[in-house]
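Undergrad: One structure follows; several queries about it will come next.
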Amino acid sequence: MLKTNSKEFWFVVGSQHLYGPEALDEVKAHAEEMVDSLNKNADFAFPLVFKSLVTTADEIREVMKEVNYRDEVAGVITWMHTFSPAKMWIPGTKLLQKPLLHLSTQYNKEVPWQSIDMDFMNLNQSAHGDREYGFINARLKKNNKVVIGHYEDSEVHEEINNWMRSAAGYVASQNIKVARFGDNMRNVAVTEGDKVEAAIQFGWTVDYYGIGDLVAEMDKVSDEDIQNTYDECASLYDMDPGNNDPDFYESHVKEQIKIEIALRRFLEAGGYTAFTTNFEDLHGMKQLPGMAVQRLNAEGYGFAGEGDWKTAALDRLVKVMADNQSTGFMEDYTYNFAKGNEYIVQSHMLEVDPTFAETKPRVVVNPLGIGDKEDPARLVFDGKAGDGFAVSMLDLGTHYRLMVNTFEAVTPEEEAPNLPVARVIWKPNPDFKTSIKKWIEAGGGHHTVATLALDKEVILDWAKMVDLETVLID
C-alpha cells in the first residue's frame, strides 16, 4: 500500500491553580489513567498520548505550538477536568492549526451521593468547565468536535475513533498531490474546478502533465520488469483470455503492466498520491490505462477518470481515512427501476477499484469502444455488500460543495456475461427516488468516491474542519 506516515493524538487536560497542588496531582493521575484505559479498550486507529496538564496561558500556548510543528501529531483532544477559565485558552487555541476535539467527560461515572462533599465538587466539575471552554471555541470559530459521555462508554470510543480518522485525513489532505495526465474531458462541466481555491481550502496540489511525459517513462520499462509483474498478476487473479488468441491476450495485458510500472515510477518521483487520465488524450499510447489504474488503486493511490482532479484528490483523502479498505472512485451508470428492487449500477469504463472486490478478479481483454486505441486489459469482479456512503465534490463558482449520500451496497445476483467491467450495485438512502432527486437538485456529479469502511460522521467532520458546505442525503 502507498505509505502514510504514522500519526498520534495528544490528550491535554485543563485546570487552574485555584485548587492547590494536591488537587492538580490528582487531576493528572486521573488523566493518565483515562488515557491508558482508552488505549487499552477503545480500539482506536491511532495511539492517544497524554501530553500535559495545563493551568496557564503560557503552558497552553507552548503545547499548541508544539502540536503544529510535530508532524506525527494529527490533532488534540482536550478535557476540562476541573474549571479551566477559558480566557487563558485564547492565545494557544488561536495558534492551533490542527483538528481539535473537546471531550466532555468525567473521571467519576456516577454521583456518589453518600460521600459527596465540596472537595469532590471542586475536583469533578467538567459540567462547569465544558461550558466555559465551549464558549471560547465557539467565539474563536474553531469548528472543533464535541464528544459527550463517560470515557469508558463504547459510543464515546466510536465517536473519538471516527474523529481521529477525520483528523488524519485533514492532515493528509494538506499533502495530497494530483498528477493530471492531460486536461479535463472536453465539454464535461462537473469535472472543472478552481485549483487555487482547492489548494487554499483543502491543501491539494494539482499539477498538469502532457501524456508524452508518461509515454517517455513507459519507454524506460524493461521486459524483465514487465514479466515479473505479469507473473505476479497470474498468482493474484484469474487470467481469462476468453476468445482472444493467447499471444494477443498476453501482449495486451503486458501493455497495461508497462503503463502501471511507468505510472508508479512517475508518481513516486514527484511525490504524487493521486492522478487522473483522459481517454481523449492518449497520443503515443496504445491503450487507455485500465488494469494499470486498478492495481495502483489497490495500493492506495487516488484516481478519477476524464481529468477529474477533484474526485481523484477526494479518493485519496477517503482512502487515507479508511486505511484503503473498500474505498474508491465510482460512477453512476444505469438504473434498475423494478418496483421494490430499485438500485443504481456503479461502474466505469475500466477503472473500478479492486478494494471493492467480493469475487476474485479476472484479467480480461475486450474492446473499449472509445478512444480509438487497442483493446485494454482490465480487472473484472463483483462488488461487496454493506452499508456505506458516496461523496462528490462540486465547484459552484462561488464556493465548493460536498455531496454525501448513504447507501446499501448489494452483491449482484445475476451474471453479466457480456459486461466486461467490474460492477458495484447500491440502493441509496432514504429511498431510490428521494435520493436521486435530492442529488440532482443539489448538483451532485456523476463521479463519486464511495466507501464501505467508514461511518458518514468521518467525512462530515472533515468537511467541518475545512469549512466546506455539505449536503447530506441520509
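Undergrad: Restricting attention to the range 94-104, which residues are in a loop (DSSP other than H, G, I, E, B) and either surrounded by fewer than 18 Cβ atoms within 10 Å (Cβ to Cβ) or in contact (Cβ under 8 Å) with a residue 60 or more places away in the chain (or both)? Outline the logic, then answer.
TA: Taking the range 94-104 as the starting set, the residues that turn out to be in a loop (DSSP other than H, G, I, E, B) are 96-99.
Hits for the range 94-104 are 97, 98, 99.
Undergrad: Right, something else. Among the numbered criteria (1) under 16 Å from residue 312 (Cα atoms); (2) assigned to a helix (DSSP H, G or I); (3) not aliphatic (A, V, I, L, M), which single criterion is violated by residue 161?
TA: The one condition residue 161 does not meet is (1).
Undergrad: Residues in the range 376-400 that are outside any strand (DSSP E or B), touching a strand residue (DSSP E or B) at 6+ places or on another chain (Cβ under 6 Å) and surrounded by 21 or more Cβ atoms within 10 Å (Cβ to Cβ): how many?
TA: So the answer is 1.
Undergrad: Got a number for residues in the range 63-93 being assigned to a helix (DSSP H, G or I), within 23 Å of residue 46 (Cβ to Cβ) and either touching an Asp or Glu at 6+ places or on another chain (Cβ under 7 Å) or not aromatic (Phe, Trp, Tyr) (or both)? Spell out the reasoning first.
TA: Residues of the range 63-93 that are assigned to a helix (DSSP H, G or I), as a first pass: 63-69, 86-93.
Still in the running and within 23 Å of residue 46 (Cβ to Cβ): 63-69, 92-93.
Among the residues that remain, those that are also either touching an Asp or Glu at 6+ places or on another chain (Cβ under 7 Å) or not aromatic (Phe, Trp, Tyr) (or both) are: 63-68, 92-93.
Residues meeting the conditions: 8.
Undergrad: Return a yes/no flag: does the range 76-93 have any residue that is touching a residue at least 60 places away in the same chain (Cβ under 8 Å) and farther than 29 Å from residue 141 by Cβ.
TA: no
Undergrad: Quick check: anything in the range 206-214 under 18 Å from residue 373 (Cα atoms) and aromatic (Phe, Trp, Tyr)?
TA: No - not one qualifying residue is present in the range 206-214.
Undergrad: Find all pairs meeting these conditions: Cβ atoms under 8 angstrom apart; at least six residues apart or on different chains; first residue within the range 184-201 and at pLDDT 90 or above; second residue hydrophobic (A, V, I, L, M, F, W, C) and assigned to a helix (DSSP H, G or I).
TA: 193/309; 195/309; 198/313
Undergrad: Going through the range 27-58 one residue at a time, which ones are crowded, with 18+ Cβ neighbours inside 10 Å and either assigned by TED's automatic domain parsing to the domain that holds residue 298 or assigned to a helix (DSSP H, G or I) (or both)?
TA: 27, 30, 31, 34, 35, 38
Undergrad: Of the residues 364, 345, only one is modelled with pLDDT of 95 or more and over 22 Å from the mean Cα position of the chain (by Cα); which?
TA: 364
The values are calculated or read from the model by the stated rules, or taken from the named source; none is laboratory data. Computed from a prediction, not measured in an experiment: that's the story for all the values here. Quick reminder, even Gly has a Cβ in these numbers, built from the backbone with ideal geometry, and neighbours come from all protein chains shown.
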